[in-house]
1. Return the only residue of L230, L221 being under 18 Å from the mean Cα position of the chain (by Cα), at pLDDT below 95 and of a type in the set (A, V, I, L, M).
2. Could you list, in sequence order, the residues of the range 251-274 that are of a type outside the set (A, V, I, L, M) and surrounded by 16 or more Cβ atoms within 10 Å (Cβ to Cβ)?
3. Could you run through the range 48-104 and say how many residues are of a type in the set (G, A, S) and either surrounded by fewer than 20 Cβ atoms within 10 Å (Cβ to Cβ) or part of a helix (DSSP H, G or I) (or both)?
4. Out of everything in the range 10-38 that is in contact with a Leu (Cβ under 6 Å, 6 or more places away or on another chain) and assigned to a helix (DSSP H, G or I), what residue ends up being nearest to the ligand (Cβ to nearest atom)?
5. Condition (residue is of a type in the set (D, E, K, R) and touching a His at 6+ places or on another chain (Cβ under 9 Å)) applied to the range 325-332: is it met by at least one residue?
6. Given (1) in contact with a helix residue (DSSP H, G or I) (Cβ under 7 Å, 6 or more places away or on another chain); (2) within 16 Å of the ligand (Cβ to nearest atom), where does L93 come up short, assuming only one miss?
7. Search the range 183-197 for residues being outside any helix (DSSP H, G or I) and within 14 Å of the ligand (Cβ to nearest atom), and hand back the single one that is surrounded by the fewest Cβ atoms within 10 Å (Cβ to Cβ).
8. State all residues of the range 94-115 that are in contact (Cβ under 8 Å) with a residue 60 or more places away in the chain and out of contact with any Pro (no Cβ under 6 Å at 6 or more places or on another chain); if no residue qualifies, say none.
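The values are calculated or read from the model by the stated rules, or taken from the named source; none is laboratory data. Keep in mind it's a predicted model, so treat the numbers as computed, not measured. Neighbour counts are summed over all protein chains in view; Cβ atoms, including those assigned to glycine, are modelled from backbone coordinates with ideal geometry.
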Amino acid sequence: MKTLVLGGGVVGVTTAYFLAKAGHEVTILEEKDGLGLEASSGNAGIIAPGHSFAWASPRAPRMLWDSLRGGETAIRLRLGSDVHLYTWGLRFLRECTADRARRNTLIKLRLCQYSQSVMNDLVRAEQIEYHAITRGALYLYREKLGVAVRLGTRVTALRGYADRIDAALTSDGEMRADNYVLALGVGAPSVARTVGVSLPVYPAKGYSSTFPLKPGGRAPLVPGVDEKWLVGWSRLGDRLRLTSTAEFAGYDWGWTPRDFNNILKLARDLFPDAADYDRGEYRACLRPMTPDGPPILGLGRHRNLFLNAGHGHMGWTMACGTARIVADLMTGRMPALDLEGLTFRR
Ligand SMILES: Cc1cc2nc3c(=O)[nH]c(=O)nc-3n(C[C@H](O)[C@H](O)[C@H](O)COP(=O)(O)OP(=O)(O)OC[C@H]3O[C@@H](n4cnc5c(N)ncnc54)[C@H](O)[C@@H]3O)c2cc1C
């Protein structure tokens, strides 16, 4: 069975791993010149089901409103001309009741707990060193399972024929397979639209900074999140990673030094001598968010197009579990988790 996995972030790579293990002949198509260079590399690196709180909560509308009036808030909105911001935004606001926030949090929590157990098995089976997981997890399938990777290959569209996908149209020409997995992060909606599938995934921009640890400094040993400012931190080997903010501003990867004020203030308050804060590396990256929070898994409108997108602020925590679920669906096995709240039609 030939399968094209579209997207080489943590979601695409873990899906490729489980499919290759199940005997599929897998090729990953990735537009960048390396794997995992987008959201998957800029994140806080926290694998913790306890952070499953739905962002669409009763306090979110007030934060968005304050941000429009110039306030410093953890969740921000920048109005623009992108119509998808408004359609997605209305769906997000509908999820902001206490009942829906509770329901969505529990769906995410269940998925994250399942994913953590799948990840523990994978880490044990492949003997991945934990703090080096980006390297280990992203490359193990190539060496051991023979997955092909085509870097620098941009997917521009899918071509549908009746209820099947017939080809992926790419910057390297047309590519055909029996099955296709859509794991393009924030790039998923525009490709899905080419075959009439409307995926409610929108970018939530986050800011990511990395500082070298100071020898002998007191750096945190466990990761954490400040829920007021959405600042997350974790130690990545000899570096300290801090991330913050959810900004709904479209497909904009830009940043200014001011965007890192929250992070630097919190880091200097909590861990004053942990790292060299004058030698930071900074970037912005885009979380693929659904309005309600859980990702979208499994079939949409086509019998051979499988969705694995919209992991939002918890993609590393969810990736192994969602990859396993999608691979199970594609190989005719019953997923170990009930899919309520996780499918395209929910
Ligand atoms: C600031 C920040 C902090 C975070 N902190 C955490 C955390 O602590 N814990 C956690 O679990 N999660 C965290 N996350 C979330 C996590 O990083 C994401 O959910 C996850 O990386 C999403 O993975 P993905 O593979 O879906 O997307 P991506 O990593 O973005 O991968 C998608 C890939 O598809 C490629 N692509 C897109 N369009 C095309 C196209 N047309 N053709 C070919 N290739 C294409 C991209 O280049 C990219 O490599 C954080 C995210 C951010 C931004």
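1. Details: L221 fails: under 18 Å from the mean Cα position of the chain (by Cα).
Just one listed residue meets the conditions, L230.
2. Matches in the range 251-274: W255, D259, F260, N262, F271.
3. Total satisfying the criteria: 11.
4. Among them, the one singled out is V13.
5. Looking for residues that are of a type in the set (D, E, K, R) and touching a His at 6+ places or on another chain (Cβ under 9 Å), one finds none in the range 325-332, hence no.
6. (2)
7. The first filter runs over the range 183-197 and keeps only residues outside any helix (DSSP H, G or I), leaving 183-184, 194-197.
The next check asks that each one be within 14 Å of the ligand (Cβ to nearest atom); those that pass are 183-184, 194-195.
Values: A183: 33, L184: 28, T194: 15, V195: 20.
Top of the filtered list is T194.
8. Residues satisfying the conditions are R94, R100, R103, N104, T105, R110, L111, Y114, S115.
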